[in-house]
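The structure appears right after this line, and notes come after that.
The values are calculated or read from the model by the stated rules, or taken from the named source; none is laboratory data. All values derive from a computational prediction rather than experimental measurement. Here the Cβ positions follow ideal geometry from the backbone for every residue, glycine too, while neighbour counts run over all protein chains shown. Ligands, DNA and RNA are stripped out before the accessible areas are found, and what is left, the full protein with its side chains, is counted by its heavy atoms. Shrake-Rupley method; radii C 1.70, N 1.55, O 1.52, S 1.80 Å.
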Amino acid sequence: MNLRLALRAPALWPAARRLVALGGALLSALLLGLPTALVPNPVFGREIPPEWWSYPVLVASALLAGLLLATYVRTGAERTRDSERVSRLGSAGALLSFLAVGCPVCNKLVLFALGTSGALTVWAPLQPVLAVASLVLLAVATVRRLAGEVACPAKPAR
């Protein structure tokens, strides 16, 4: 039911909000892809080549983050406690996406905690699980926000 409502919400958006979603998706792709070197650049590199699933996770995370970001464009509605909870879900999802697609031996915290061999034998196998968890969190947050717009639309501010 919520998914059906959520799928209707973007069709009701004005053009400016759709542009925010597109811009948010592009910015998210860059913020996630540049430091993890999934987007080639001269500043960041990887010691370990990315896994095949890193690119679909990057794209899905960016799209979900862009949609989620666009739901926060003011329409006159006040923020509620629930929107803050959903915001935490989205933030956690974005952080997990970053940890999931990053190079296992390039993450200084992982190296400090587990060492190089631990990063490869413990952390790297956990990364696909983190990727799935991140996409689930981002999807739940996005569906909740979008469904809420349709189920309980806010009256415009005067």
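Residues in segment 65-83 that are at pLDDT 90 or above and open to solvent by 40 Å² or more (accessible area, probe 1.4 Å): 67, 69.
The requirement of being in contact with a Phe, Trp or Tyr (Cβ under 8 Å, 6 or more places away or on another chain), more than 30 Å from residue 74 (Cα to Cα) and either open to solvent by 20 Å² or more (accessible area, probe 1.4 Å) or part of a helix (DSSP H, G or I) (or both) is not satisfied by residue 120. Among the residues of segment 20-64, how many are over 25 Å from residue 120 (Cβ atoms) and of a type in the set (S, T, N, Q)? Number of matching residues: 1. When segment 97-116 is filtered for residues that are open to solvent by 40 Å² or more (accessible area, probe 1.4 Å) and in a helix (DSSP H, G or I), the ones remaining, listed by number, are 98, 99, 108, 109, 111, 112, 113, 114, 116.
Restricted to segment 41-64, and to residues there that are of a type in the set (A, V, I, L, M) and more than 20 Å from the chain's Cα centre (by Cα), the residue that is most open to solvent (accessible area, probe 1.4 Å) is 43.
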